[in-house]
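The values are calculated or read from the model by the stated rules, or taken from the named source; none is laboratory data. Please read all numbers here as calculations on a predicted model, not as lab measurements. A quick note on method: Cβ atoms are made from the backbone with ideal geometry, for glycine too, and the neighbour counts reach across all protein chains shown.
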Amino acid sequence: MRKWCVAIGLCVVLVGCSPKADGTSKTDAPLTQPLQATAPKNNPSAKYLELVGFRIKEKGPGKLEITFGVVNHSEADLGDLMLNVDLRTTTAKPGDTPICSFPAKVPALGPEELKEVTANVPTKLRVYELPDWQYLKSDFQVAEPR
């Protein structure tokens, strides 16, 4: 009896792991993509940049302090950058207004380097009205250098 239970269990595992009829297996399913910033193609270096780890603090009514990391995924030294950042919720549709928009000055980024950036942003929202970090995404444009 015990051998039959082991054999049936093994068959269930093998069937669950076997390829589907179309040649793909359950493990071929796309992994959940991390939330990351997207950059339009306005600057050649924009495709190598990623904005990560947004943290929002309230510095007083109508004043937010937003801290995040800027990652240079290239092998090139990018120098000082000025970004225009739009912060949105992950459920926002294209064309929805962002939660907030702000400029951010990024100090010189070396090859494959990460720098922490802080921006002070005026807002009408209180910090408890904003979504948690896992529900935020950003879009940005490199304003300087062009």
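Hey, among the residues in segment 104-116 that are farther than 14 Å from Glu50 by Cβ and of a type in the set (Gly, Ala, Ser), which one's surrounded by the fewest Cβ atoms within 10 Å (Cβ to Cβ)? Looking at the filtered set, the residue picked out is Ala108.
Let me confirm something: among Thr97, Thr91, which residue is within 15 Å of the chain's Cα centre (by Cα) and over 19 Å from Pro145 (Cβ atoms)? If you could, list the steps in order and put the result at the bottom.
Values: Thr97 fails: within 15 Å of the chain's Cα centre (by Cα).
Of Thr97, Thr91, the one residue that is within 15 Å of the chain's Cα centre (by Cα) and over 19 Å from Pro145 (Cβ atoms) is Thr91.
Quick check: anything in segment 71-80 β-branched (Val, Ile, Thr) and either touching a Gly at 6+ places or on another chain (Cβ under 7 Å) or modelled with pLDDT of 95 or more (or both)?
Here is the first cut: in segment 71-80, the residues β-branched (Val, Ile, Thr) are 71.
Subset that is either touching a Gly at 6+ places or on another chain (Cβ under 7 Å) or modelled with pLDDT of 95 or more (or both): 71.
Within segment 71-80 (the criterion being β-branched (Val, Ile, Thr) and either touching a Gly at 6+ places or on another chain (Cβ under 7 Å) or modelled with pLDDT of 95 or more (or both)), the answer is yes, since at least one residue qualifies.
Can you pull out every residue in segment 117-134 that is assigned to a loop (DSSP other than H, G, I, E, B) and under 20 Å from Leu51 (Cα atoms)? Before the answer, list the steps.
Taking segment 117-134 as the starting set, the residues that turn out to be assigned to a loop (DSSP other than H, G, I, E, B) are 123-126, 130-132.
Leu130, Pro131, Asp132, listed by residue number.
All conditions in (1) surrounded by 13 or more Cβ atoms within 10 Å (Cβ to Cβ); (2) out of contact with any helix residue (DSSP H, G or I) (no Cβ under 8 Å at 6 or more places or on another chain); (3) modelled with pLDDT of 90 or more hold for Glu144, with the sole exception of (3).
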